[in-house]
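Following: one structure in structure tokens, then a few remarks.
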Amino acid sequence: MPDQTISSSSAAGAQISRTGTPAQATSIEEAWRSFYGLIRVTPLQPSSFPTIFGGVPSQFLGLIYGAHNAGVSTARGTHTNFDISVVGTGTAALTLWAYYNQGY
């Protein structure tokens, strides 16, 4: 099935782009790997709002928004205290750096 992009608004009023669906995973590490695989084939374009893929585990959302917002803040010249190392996996860190770069 081809990827489809849908724009929607979050509760905070921010526009979010939703596209694709990562494959189902059985562990957190597998979920990050699946998610990063999707980002590798569908690179994140620079955006004021993070691209959220359908099916992304809800526990990833706070980290995604944090990484993206840190990139936006850095681009604006304000200091942020963003620590990717809290995630603990290489694939998760790569994914979050992609979101940081999207915001930057």
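Structure values in brief
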{"item": "Segment 63-98: number of residues that are closer than 16 Å to PHE35 by Cα and at pLDDT 85 or above", "result": "14"}
{"item": "Filter result for the condition that a residue is in contact with a Ser or Thr (Cβ under 9 Å, 6 or more places away or on another chain), β-branched (Val, Ile, Thr) and surrounded by 17 or more Cβ atoms within 10 Å (Cβ to Cβ), over THR51, THR74", "result": "THR51"}
{"item": "Contacts under 7 angstrom Cβ, first residue in segment 54-70 being under 16 Å from ASP83 (Cβ atoms) and free of Cβ contacts under 8 Å to residues at least 40 places away in the same chain, partner of a type in the set (A, V, I, L, M) and part of a loop (DSSP other than H, G, I, E, B), 6 or more apart", "result": "LEU63/VAL87"}
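The values are calculated or read from the model by the stated rules, or taken from the named source; none is laboratory data. From a predicted model like this one, the values you see are computed outputs, not experimental measurements. For neighbour counting, all protein chains shown are included, and Cβ atoms are generated from backbone atoms with ideal geometry for every residue, glycine included.
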